[in-house]
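Please find one structure pasted underneath; my questions will follow.
FYI, it's all coordinate maths here, none of it is from the lab. Model, not experiment: these values are computed from the prediction. Positions of Cβ are backbone-derived with ideal geometry, glycine not excepted, and every protein chain shown enters the neighbour counts.
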Amino acid sequence: MDPATKRKRLDFVAVLARWFLGGIFIYMGLVKALDPVTFLKLVREYEIVANPVLLNLIASVLPWFEVFCGVMLLTGVAVRGSALLLFGMLIPFTLIVFKRALAIASAEGILFCAVKFNCGCGGGDVYICQKLIENTGLMLLALLPLIGLGKKWALRFSFWRKETVTAEPAPAPA
Amino acid sequence: MKRVLLEALLVAAVGAVIAFAANALSPRGLKLTQDYFHGETAPVPRAKAKPTQTIANSTNSSADPVVARLKEKGLQVVNGEQASELFHDPLYQQGGIIFIDARNDEHYQGGHIPGAYQFDNYHPENYMGIIFPVCQAAQRIVVYCTGGNCEDSQFAALTLRDAQIPNEKLFVYTGGITEWTNRGYTVEFGERNSGKIQK
């Protein structure tokens, strides 16, 4: 396979990754945004924020922010910046969920991978090992647009200059 | 890389503005300055579930962490039998005793203690107009939610107390709707006094 075809295929995979990631964040964000009280209670269970204003802020604003970033990825606007934000959010989310699962495993005397709880991620009750694998997968997917792949079918890949690729360039005349 | 960082900052700024606006416009949005948990920064520790354990019988014992926390807050507690006695008291039909369901619309509509008023502590403005005069007139107010580790009844009772409903009138039924249905007591579906009663 020549490098151009390889690059084209990788770019196509990156577009699918961008759409998938955008779709996932829109879905997960909407689940929380449409029931902020449940999300508020779940965030409180982590016991990392004591201030009520900060707690309310996380529960009410973060889900909509996730939806916004998801829409940016899906439509292909400011893709690298949006992917960086999602990647940056996934790291602390994963660490916090991991820490909580450790605490539950220790308190209930069960195996780490047997811990099942609603982490407030938007998908309901989930086994922790499955969640960690999912989040790692999402982080890897976020890396593809972050390094500049997946420009095809993007409305405006970068804010700063137009990097839209909508059609294959016409072959040069022989 | 600098461009990507700047782009991320720009997306973050625009996203934050939109997220704030969405929360403000959403009918389910949260009020940022409200302390929904009345200073309780941590939830009641989760009870370790045992296969044979049921929550069919709530107690008034301070050994129960939920009861201990309620008593610490100065709230009175009723168990399943006492809740049933209050429900069958003639005063209940006259409004001298009232039950308040502290759960959300979906759960309330899905089955509540017959005649119970709904009071969702997370949207008090939607209910206070109806609840407040009824609470003022009542001699005893029994607040409940799902039961178990559910804290919504506690927060609803504290919101009512903050609204100047005397503490001596307020009782929290810790067993909640779960214990009520487990005991085979009647449940009303849909709106209050809908007539859709089921045992």
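Hey, can you rank A:83-93, B:189-199 by average C-beta count inside 10 Å, highest first?
The most tightly packed comes first, giving A:83-93, B:189-199.
Less than 13 Å apart at the alpha-carbon level, and either on another chain or at least 8 residues along: which aspartates and glutamates does that give for A:Lys152?
Excluding near neighbours in sequence, the set is A:Asp11, A:Glu163, A:Glu168.
How many Cβ atoms of partner chains, on average, are near each residue of B:125-134 if near means within 10 Å of its Cβ?
Numbers: counts 0, 0, 0, 0, 0, 0, 0, 0, 0, 0.
Per-residue shielding by partner chains comes out at 0.
Of B:Leu30, B:Gln154, A:Ile96, whose Cα points farthest to the positive end of the dipole of the protein assembly as shown (charges on the beta-carbon: +1 Lys, Arg; -1 Asp, Glu; origin at the Cα centre)?
Result: A:Ile96, furthest along the dipole toward the positive end.
Dividing the alpha-carbon Rg of segment A:7-146 by 2.2 N^0.38 Å yields what?
Working: Rg = 15.7 Å, N = 140, 2.2 N^0.38 = 14.4 Å.
It is 1.09.
Now a separate question. Which of the lysines could a cross-linker bridge to A:Lys32, judged by Cα under 16 Å and excluding same-chain residues fewer than eight apart?
A:Lys41, B:Lys31
To the nearest 20 debye, what charge dipole does chain B have about its Cα centre, counting +1 at the Cβ of each Lys and Arg and -1 at the Cβ of each Asp and Glu?
That gives a dipole near 460 debye.
Enter the angle in degrees (range 0 to 90, nearest 10) between the Cα long axis of helix A:79-108 and the first principal axis of the Cα atoms of chain A, meaning the one along which they spread out most.
So the helix axis and the longest Cα principal axis differ by about 30 degrees.
I would also like to ask the following. Considering only the other residues whose Cβ falls under 14 Å of the Cβ of A:Cys69, what net charge follows from Lys and Arg at +1 and Asp and Glu at -1?
Numbers: positive: A:Arg18, A:Lys32, A:Arg80; negative: A:Glu66, B:Glu7.
After counting each charged neighbour, the total is +1.
If you take each beta carbon of peptide A:57-69 and count the beta carbons of other chains within 10 angstrom, what is the mean? Show your work: numbers first, answer last.
Values: counts 5, 0, 4, 11, 11, 3, 3, 10, 9, 2, 4, 9, 5.
Mean shielding count: 6.
Using Cα pairs under 8 angstrom and six or more residues apart, how large is the relative contact order of chain B, in percent?
Details: 285 pairs, mean separation 45.7, N = 199.
Value for chain B: 23 percent.
Next question, about the same structure. Which far-off residues, 5 or more places away or on another chain, put their amide H under 5 Å from the one on B:Val77, with H placed in the peptide plane?
Residues meeting the amide H criterion: B:Val172.
Same structure, new question: Rounded to the nearest 20 debye, what is the charge dipole size of chain A about its Cα centre when +1 sits on each Lys and Arg Cβ and -1 on each Asp and Glu Cβ? Kindly include the intermediate steps, with their values, before the conclusion.
On the way: 18 positive and 11 negative charges, 111 e Å.
In debye, rounded to 20, chain A gives about 540.
What whole-number distance in Å separates the alpha-carbon centres of segment A:1-64 and segment B:4-32?
13 Å
Name the lysines eligible as straight-distance cross-link partners of B:Lys169: C-alpha to C-alpha under 22 Å, and not fewer than 8 places from it in the same chain.
Straight-line reach from B:Lys169, under 22 Å: B:Lys71, B:Lys73.
Please list the non-local residues whose amide H lies under 5 Å from the amide H of B:Phe99, H modeled 1.01 Å from N, same-chain partners needing a gap of 5 or more.
When sequence neighbours closer than 5 places are left aside, the close amide H contacts are B:Tyr117, B:Val142.
With a Förster radius of 30 Å, plug the Cβ-Cβ distance of B:Lys199 and B:Asn149 into 1/(1 + (r/R0)^6) and report the FRET value to the nearest 0.05. Please list the in-between numbers first.
Details: r = 27 Å, r/R0 = 0.89.
So, using R0 = 30 Å, E works out to roughly 0.65.
Between Rg and the Kirkwood Rh of chain B, both from Cα atoms, what is the Rg to Rh ratio? Spell out each step's value before the answer.
Values: Rg = 19.9 Å, Rh = 18.4 Å.
Reported Rg/Rh (Cα atoms, Kirkwood Rh): 1.08.
For the pair A:Val53 and A:Leu95, what calculated FRET efficiency results from E = 1/(1 + (r/R0)^6), where r is the Cβ-Cβ distance and R0 = 30 Å, to the nearest 0.05?
Numbers: r = 23 Å, r/R0 = 0.78.
The formula returns an efficiency of 0.80 here.
Hey, another quick one. Rounded to the nearest 0.05, what FRET efficiency do B:Ala21 and B:Gln94 give with R0 = 51 Å and r taken as the Cβ-Cβ distance? Could you check? Mind showing how you got there, number by number?
On the way: r = 47 Å, r/R0 = 0.93.
Efficiency for this residue pair is about 0.60.
Would you work out which of A:Ile58, B:Ala8, B:Thr186 lies farthest towards the positive end of the dipole of the protein assembly as shown? Charges go on Cβ: Lys and Arg +1, Asp and Glu -1.
Of the options given, the answer is B:Ala8.
Continuing with the same structure: Cα axis of helix B:2-25 to longest principal axis of chain B: angle in degrees, 0 to 90, nearest 10?
Between helix and principal axis, roughly 30 degrees.
So how do B:174-181, A:14-21, B:131-138, A:101-108 stack up, highest first, on mean other-Cβ count within 10 Å? Walk me through the numbers on the way to the answer.
Values: B:174-181: 23.1, A:14-21: 20.4, B:131-138: 16.2, A:101-108: 14.6.
Order by mean packing, descending: B:174-181, A:14-21, B:131-138, A:101-108.
Under a Cβ-Cβ cut-off of 14 Å, what is the net charge of the residues other than B:Glu106 that fall near it, where Lys and Arg count +1 and Asp and Glu count -1?
Numbers: positive: B:Arg28, B:Arg103; negative: A:Asp35, B:Asp101, B:Asp105, B:Asp120, B:Asp152, B:Glu191.
Neighbour charge sum, excluding B:Glu106 itself: -4.
In degrees from 0 to 90, rounded to the nearest 10, what is the angle of the helix B:152-162 Cα long axis to the longest principal axis of chain B?
In chain B, helix B:152-162 runs at an angle near 90 degrees to the longest axis.
Just counting partner chain Cβ atoms within 10 Å, what average do the residues of peptide A:36-47 show around their Cβ?
Working: counts 6, 9, 2, 1, 4, 7, 1, 0, 7, 3, 2, 3.
So the per-residue partner count for this stretch is 4.
Follow-up. Nearest 20 debye, what's the magnitude of the dipole of the protein assembly as shown about its Cα centre given +1 on Lys and Arg Cβ and -1 on Asp and Glu Cβ?
Working: 36 positive and 31 negative charges, 340 e Å.
Roughly 1640 debye for the protein assembly as shown.
Of B:His88, B:Cys145, B:Ala102, which is farthest along the charge dipole of segment B:65-183 in the positive direction, counting Lys and Arg as +1 and Asp and Glu as -1 at C-beta?
Farthest towards the positive pole: B:His88.
Tell me the Kirkwood hydrodynamic radius of segment B:126-194 in angstroms, computed as one over the mean inverse distance between distinct C-alpha pairs.
Over segment B:126-194, the inverse of the mean reciprocal pair distance is 13.1 Å.
While we're here: Principal axis extents for the protein assembly as shown, Cα atoms only, whole Å, descending order, please.
Reported extents, whole Å, longest axis first: 98, 45, 38.
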